[in-house]
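Worksheet for the structure shown next.
The values are calculated or read from the model by the stated rules, or taken from the named source; none is laboratory data. Since this is a predicted model, take the numbers as computed values, not measurements. Don't worry about glycine lacking a Cβ; one is built from the backbone with ideal geometry, like all the others, and counts go over all protein chains shown. Areas reflect the complete protein model, heavy atoms only, side chains present, ligands, DNA and RNA absent. Shrake-Rupley method; radii C 1.70, N 1.55, O 1.52, S 1.80 Å.
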Amino acid sequence: MERSVGGDMGGKEDAKMLENTVKQFIEYVRKQVEEQDPVFLISVVVALAAIIITCVFLKYFLTSKTVRSAVLLVGLCDSGKTLLFSRLVSGKFKRTQTSITDSSAPYKAKSDKVSHVGWFLNGLCRHDSLRAQYLEKFKSAARAIVFVVDSAIFQKEVRDVAEFLYVLLTDSVICRNTPTLLVACNKQDITMAKSAKLIQQQLEKELNTLRVTRSAALGSQDGSVGGSVFLGRKGKDFEFSQLPMRVEFLECSALSNKAEEGEADIKSLEKSLAKL
């Protein structure tokens, strides 16, 4: 019984000693602060605040930055996306048809350099009704977007092509991440195919018109609605050079004049992919 009482007394003494030590430390700190020059103290506080803000910013920047390792192949139905996907991944011809699923495969860029950069090549769903769903799924991971255009019938599809491009170029996620945009003017092996330069010029005109009609329909006052941003620069006719991402128009042909027996002409696309 006496041992128990002694233990309680020892515990109380230790607690009291700790309390006194803390009080002495606080008093010591208070005296040191009072003896210091106020200007010096303010400088210390400012320096500490700057360090804390920097650490918070670096943590946010490093943790929020997403590694974008996908190249998305998008475009209207029958523009040649699936065959182009097959040519890039395997180098082989493959008969294709409209699909309701997306395709994904690892791709290593072909370059003259010793080191090669690899990423995943995603061919988004070709079916128009599911296009938005798959785009929403993969857009955050896009390192680049390859927009495939059917150069042979572009004149008939220019409005639809422009509308699809408008959705991409006004998407807030895409504008924030600024993936490279490669407009692949496919089917150049066909005689009536339009050149990349002409396609660019007509798309700029069509997107400029579309921007006016969309803005009027949405009644936007600040140039942004929901998850969309204003296309190009206000007060100026639209040009691709106004976009925050790098844009390149190039000519290619996933199918040669000899069909599956011939080699595809996709060197310009492969060269652009190697620069990513």
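Placing R0 at 41 angstrom, the Cβ-Cβ distance between Ser90 and Ile53 gives a FRET efficiency of 0.20 after rounding to 0.05.
Protein-only accessible surface at a 1.4 angstrom probe places the residues Ile51, Ile199 in the order Ile51, Ile199, largest first.
In terms of distances greater than 25 angstrom between alpha carbons, the cross-link table entries Lys81/Lys156; Lys156/Lys267; Lys139/Lys271; Lys108/Lys137 yield Lys156/Lys267.
Could you rank Met17, Met245 by how accessible they are, 1.4 Å probe, largest area first? Each step should come with its number before you reach the end.
Details: Met17 125, Met245 15 Å².
Correct descending sequence by accessible area is Met17, Met245.
Computed with a 1.4 Å probe on the full set of protein chains, the accessible area for Ser268 sits at about 40 Å². Ranking Asp150, Asp78 from most to least accessible surface, computed with a 1.4 Å probe over the protein chains only, gives Asp78, Asp150.
Measuring with a 1.4 angstrom probe and ignoring ligands and nucleic acids, Lys205 comes out at about 150 Å² accessible.
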